[in-house]
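Single-structure report; data block below.
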Amino acid sequence: MKNSTKLASVALLSLLCTVALGQSKKFVLFEHFTQASCGPCASQNPIFEANIAANNEGKFHHIAYHTSWPGTDPMYSANPTENDARTQYYNVTGVPRMHMLGSQWSGGPAGVTQSMLDNAAAVGSPIKITVTDVPNGNDRDVTVTIKTTGTVPAGNLVVRTAVVEREIVYGTPPGSNGETIFPNVFRKMLPSTAGDTYTPAPLGQSVVFNYTYTPDPGWDPSEIASIAFVQDEGSEEVLNSGATFDPNWSITTQSGTFSQGSNGNTSNFGSSIENDGATQQDFQITLSSANAPVGWSSDFTVGGNTYATTATVTVNGVSTEAITVNVTPDATAAIADYTLTIENLTNPNDPDASVTFTVMSGVTDLIVSNDAGWGDGGSYDWEQEYIDGLNAAGNTTFAATNTATFRSAAGGGQLGGVINIYYNMAWTFPSLTNDLVTDLQTFMDNGGNLFIAGQDIGWDTWDVGNGGNGTAATQSFYSNYMHATFDSDGNTANSQYTAVAADAVFGNVASSGINDVYGGGNLYPDEITPANGGVAIFNYNGNAAKVGGVRANNGTYKLVYLGIGIEHLNTSAVGDQILKLSHDWFYGTVSTEEFDAAMQALGQNYPNPSSNQTIIPFNNLEENVTLQVVDYTGKVVAEQGVAAGTQRVELNTTQLVSGMYIYQIVSEGAVVTSKTMQVIR
C-alpha cells in the first residue's frame, strides 16, 4: 500500500476559468452499523432503503460496517479489525445504529427523515472531495482530491477513504435475520482506520492523496467503489465526502444561502455550475419556490441573460458557469425558499443537483422546529400547533422554519429583525446541541425572547450516563438561560397540565390533559425546578412539587420553558392560550413587575441537601407572609409566619424524612413563589 500527499496547482485551471470560491455541495454521509444476525436490523434497514436511499440518489453516501454481535456475519469476519475500529470509534453498543455526518445525529436507521437529510445538505461544505479508483494490474489506484472552496474550520482533521462493495446479494441468508441483500458493505480503509492528517490547501487549491490497494479475490470488481470523507477527530463531525460514483459536475455557492431581506430591496445569491469533466456539458437550470408570497419577485442571471424560471446553458470542460439568483420581497412578512435545480442534459442519467436559498423579510416572531431525529424513529410535524398559537395572538409578522435555516441566519448575524423565537423542540435527540445553544444564547443576550417546549429536553441534557447527549455547554444553557434544574424523567402518571394559579401571566390557563401522542407509553414530561430567577408556571396534576414549566425575566430577555411539547396538550385551545400569553408577555402587554419582584424575595436554601438544619434567605420582603414546607404528596409538613423585612429563616429539618420538598411563600391565601430542597439522613 502506498500513499502520498501534494498540493495541486491551479495555475492552468485559472487560465481556463474563474476559480469558484464558496460553499460546495455537501454529500450527507451515513455510517451504518448493522449485522446479518440482528433481528431489529432486518426490520429497520429496509425502512432506510425505501425512505431515504431510494429517493435521494446523488445527495448522500452510505457505508455499512458489520459488527461482531449478535451472531454470525461473514461480512464482519472478512475484516474484523477495521470493522471493530469504526464500531469503537463511535462507541456503538447496539445495532442497528446510524451516524449522520459523524456526530450530527445518531439513532436507528428508521429514524432518518427526508427533512434531516435535506437540512444537513443545505448547509454546504467548505471543501469539495473528488475520488477516482482505477485498475492497475492486480491492484487499484485511488486518488482523493480535496479542494478548498470556503473557510475550513480549525480542528484535528483527517481524511479516511473506505473501500465498499456497493451491493452484496446472497442466495440464502448469511446470518439468522433473513436479510440477503446488503448495500455499501465496508471492505477496507485507506490507508488505515486512523486516516491521514489533512491540512487544507489555500482557498481555490487542492490537496491530493494517492493510495494503492489489492482487492480481495472474493469481491465483485463491478461493485467496488471508494468513499472518502474528512472528519474532525475532536468533534467527530464529517465536513464532506466524495465517492468514485459521483457525477463529474456540481453546484458551488459563492455566498451564503440565507439573506435578511427587506421590502423593495433585492437579495442576490451567487452560485455556479462546476464542470470537472474534460468535455463540454449542457445543463438545464430551473428556479422555483413553493412558499414565496405572491408579491415577492425572483429571477436568475446566467451568461449575461436574465431568466424568470428556466434556462439552458453549455459549460465547457474543466470550467464553471456563474449563476446569480435575485429575490425582491414586498411588504408581506415571510420566509421564502428558492430552489435552483440543475439537470444534466448531456448525461441524463446523472441525478439532478440543487441548492436552496432563503430570504426572510419583515419577520418579528420566528417559529423554529428541531431537525433532529424523533425519539421513537417516527415522523411528525407539530409546526401547525405553533402557527395556530401565533394566529390566536393576532400576530401577522411571524414565519416558520427549521433549525438548519435558523442557524444559517444566526451564524450570518441576520436575525436583527426577530424579537421572539418559539422553539418547537418536541421529542427529539439530541435536543440541545453546542452550536444551537451558542446561537440561542447570542440571540437572548442581544435582547431576544425565547419560548421553548418539548419532553425530555432536561433528561437528554442531564442524564448522560443513560444515553443523554448533554455537554458542559448545553447544561450551562439549561441552567442559566432556561432557568431550570432537571429533577426527574416523568411518565404517564403526569396526566394533567395545570397552571400555577398565582402566576401573573399563566395563572388563569385552564387545566389540560396530557396526550401520549407518540404512542407506546412514550410519555416523559420533564419534572423540573425553577433556577436562577425562574418561577414555576405549570405543574402536573395540580402537585406543586412536580413543576412542568418555568418562566424568567432577567431584564435583557424573557424565557418560557415547558417540560412537555405543545403537541401533548389534548385541549388545543389551551396550547393556543399558552402561546398567546407568552407572546403578549414578551411584548409587554402583560405586566408582571410586582409579581416577579415578589418572586425574587425567596432565595435558595443552604446547605442543600440538609440533614438537621437549613437556612432560607429572603430578599426585600415587603409584607408579612407565611412560609410553608410541602412534601411531594402535596401535604404541608411545616409552616411558620415570616415578618416583612426578614432576611433569613433557620428551618429545623430533623423531623422531616429523607426526600425532596417544596418550600413556598403564601400571601393572602395564594402561593407567590416556591423552590425545592432536599433532606438526607
| field | Condition met for residue 510 (loosely packed, with under 15 Cβ neighbours inside 10 Å, in contact with a Ser or Thr (Cβ under 9 Å, 6 or more places away or on another chain) and not in a strand (DSSP E or B)) | value | yes
| task | Could you please find all residues in region 124-134 being in contact (Cβ under 8 Å) with a residue 60 or more places away in the chain and either more than 11 Å from residue 24 (Cβ to Cβ) or touching a Gly at 6+ places or on another chain (Cβ under 7 Å) (or both)? | result | 126, 129, 130, 131, 132, 133
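Can you report the number of residues in region 661-681 which are open to solvent by 30 Å² or more (accessible area, probe 1.4 Å) and either acidic (Asp, Glu) or modelled with pLDDT of 85 or more (or both)? Explain how you work it out, then say what you get.
Step one: filter region 661-681 for residues open to solvent by 30 Å² or more (accessible area, probe 1.4 Å), giving 668-671, 678, 680-681.
Narrowing further to those that are either acidic (Asp, Glu) or modelled with pLDDT of 85 or more (or both): 668, 678, 680.
Residues that pass the stated criteria total 3.
Can you name every one of the helices (runs of 4 or more DSSP H) wholly within region 432-504 that holds 2 or more residues which are among the charged types (D, E, K, R)?
Numbers: elements: 434-445, 457-462, 472-480.
Because the criterion is at least 2 residues that are among the charged types (D, E, K, R), the helices (runs of 4 or more DSSP H) in region 432-504 that meet it are 434-445.
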| task | Determine if region 358-377 includes at least one residue that is open to solvent by 50 Å² or more (accessible area, probe 1.4 Å) and over 24 Å from residue 288 (Cβ atoms). | result | yes
| message | Regarding region 138-145, can at least one residue be identified that is surrounded by fewer than 21 Cβ atoms within 10 Å (Cβ to Cβ) and under 25 Å from residue 409 (Cβ atoms)? | response | no
| message | Among the residues of region 557-572, what is the count of those that are open to solvent by 10 Å² or more (accessible area, probe 1.4 Å) and small (Gly, Ala, Ser)? | response | 1
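Tell me which residues, restricted to region 358-389, are part of a helix (DSSP H, G or I) and within 15 Å of residue 452 (Cβ to Cβ).
First, pick out the residues of region 358-389 that are part of a helix (DSSP H, G or I): 383-389.
Listed by number, the residues that qualify are 383, 385, 386, 389.
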| query | If you take the residues of region 513-544 that are over 21 Å from residue 664 (Cβ atoms) and of a type in the set (Gly, Ala, Ser), which of them is surrounded by the most Cβ atoms within 10 Å (Cβ to Cβ)? | reply | 513
| So, of the residues in region 418-443 that are closer than 19 Å to residue 388 by Cα and either among the aromatic types (Phe, Trp, Tyr) or at pLDDT below 95 (or both), which turns out to be surrounded by the fewest Cβ atoms within 10 Å (Cβ to Cβ)? | 423
| request: Please work out if residue 130 is at pLDDT 90 or above, open to solvent by 40 Å² or more (accessible area, probe 1.4 Å) and not in a strand (DSSP E or B). | output: no
| request: Sort out which residues of region 304-338 are open to solvent by 60 Å² or more (accessible area, probe 1.4 Å) and over 33 Å from the mean Cα position of the chain (by Cα), and write them in order of number. | output: 304, 305, 306, 307, 308, 310, 312, 314, 316
| said: Please go through region 616-640 and give me each residue that is part of a strand (DSSP E or B) and either aliphatic (A, V, I, L, M) or open to solvent by less than 40 Å² (accessible area, probe 1.4 Å) (or both), ordered by number. | reply: 616, 617, 618, 625, 627, 628, 629, 630, 631, 636, 637, 638
| remark: Filtering region 650-660 down to residues that are at pLDDT 90 or above, surrounded by fewer than 16 Cβ atoms within 10 Å (Cβ to Cβ) and not in a loop (DSSP other than H, G, I, E, B) yields 650, 652
| field | Only one of 216, 220 that is touching a Lys or Arg at 6+ places or on another chain (Cβ under 8 Å) and surrounded by fewer than 17 Cβ atoms within 10 Å (Cβ to Cβ) | value | 216
| said: Would you confirm, using the coordinates I've provided, whether residue 554 is more than 17 Å from residue 592 (Cα to Cα), at pLDDT below 95, surrounded by fewer than 21 Cβ atoms within 10 Å (Cβ to Cβ) and over 26 Å from the mean Cα position of the chain (by Cα)? | reply: no
| message | Residues to consider are 408, 354; find the one that is part of a helix (DSSP H, G or I) and closer than 26 Å to residue 149 by Cα. | response | 408
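Restricting to region 156-172, count the residues that are open to solvent by less than 60 Å² (accessible area, probe 1.4 Å) and either closer than 21 Å to residue 39 by Cβ or modelled with pLDDT under 95 (or both). Even if it seems obvious, please write down each step before you answer.
Looking only at region 156-172, we keep the residues that are open to solvent by less than 60 Å² (accessible area, probe 1.4 Å), and these are 157-165, 168.
Checking which are either closer than 21 Å to residue 39 by Cβ or modelled with pLDDT under 95 (or both) leaves us with 168.
Qualifying residue count for the region: 1.
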| message | I'm told residue 396 meets every condition in (1) at pLDDT below 95; (2) hydroxyl-bearing (Ser, Thr, Tyr); (3) part of a loop (DSSP other than H, G, I, E, B) except one. Can you identify the failing condition by its number? | response | (1)
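Scan region 411-429 for residues that are touching a strand residue (DSSP E or B) at 6+ places or on another chain (Cβ under 7 Å) and part of a loop (DSSP other than H, G, I, E, B) and jot them down.
Quick first cut of region 411-429, residues touching a strand residue (DSSP E or B) at 6+ places or on another chain (Cβ under 7 Å) only: 412, 414, 416-425, 427-429.
412, 414, 416, 417, 418, 419, 425, 427 - these are the residues of region 411-429 that are touching a strand residue (DSSP E or B) at 6+ places or on another chain (Cβ under 7 Å) and part of a loop (DSSP other than H, G, I, E, B).
For the condition among the aliphatic types (A, V, I, L, M) and in contact with a His (Cβ under 8 Å, 6 or more places away or on another chain), what is the one hit in 194, 225, 201, 243?
Working: 194 fails: in contact with a His (Cβ under 8 Å, 6 or more places away or on another chain); 225 fails: in contact with a His (Cβ under 8 Å, 6 or more places away or on another chain); 201 fails: in contact with a His (Cβ under 8 Å, 6 or more places away or on another chain).
When all the criteria are applied, what remains is 243.
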| message | When the residues of region 179-205 are narrowed to those that are touching a Leu at 6+ places or on another chain (Cβ under 7 Å) and more than 18 Å from residue 156 (Cα to Cα), which ends up least open to solvent (accessible area, probe 1.4 Å)? | response | 204
| Qualifying position, being over 30 Å from residue 368 (Cβ atoms), touching a Ser or Thr at 6+ places or on another chain (Cβ under 7 Å) and of a type in the set (A, V, I, L, M), among 42, 122, 78, 85 | 85
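Kindly indicate whether residue 579 is touching a strand residue (DSSP E or B) at 6+ places or on another chain (Cβ under 9 Å), assigned to a loop (DSSP other than H, G, I, E, B) and at pLDDT 90 or above.
On the way: touching a strand residue (DSSP E or B) at 6+ places or on another chain (Cβ under 9 Å): yes; assigned to a loop (DSSP other than H, G, I, E, B): no; at pLDDT 90 or above: yes.
Judged against the criteria, residue 579 is not a match.
The values are calculated or read from the model by the stated rules, or taken from the named source; none is laboratory data. Small disclaimer: the values here were computed from a predicted structure and weren't measured. Using ideal geometry, Cβ is built from the backbone for each residue, glycine included, and neighbour counts are taken over all protein chains shown. Please note that ligands, DNA and RNA were not included when accessible areas were found on the heavy atoms of the full protein model with its side chains. Shrake-Rupley method; radii C 1.70, N 1.55, O 1.52, S 1.80 Å.
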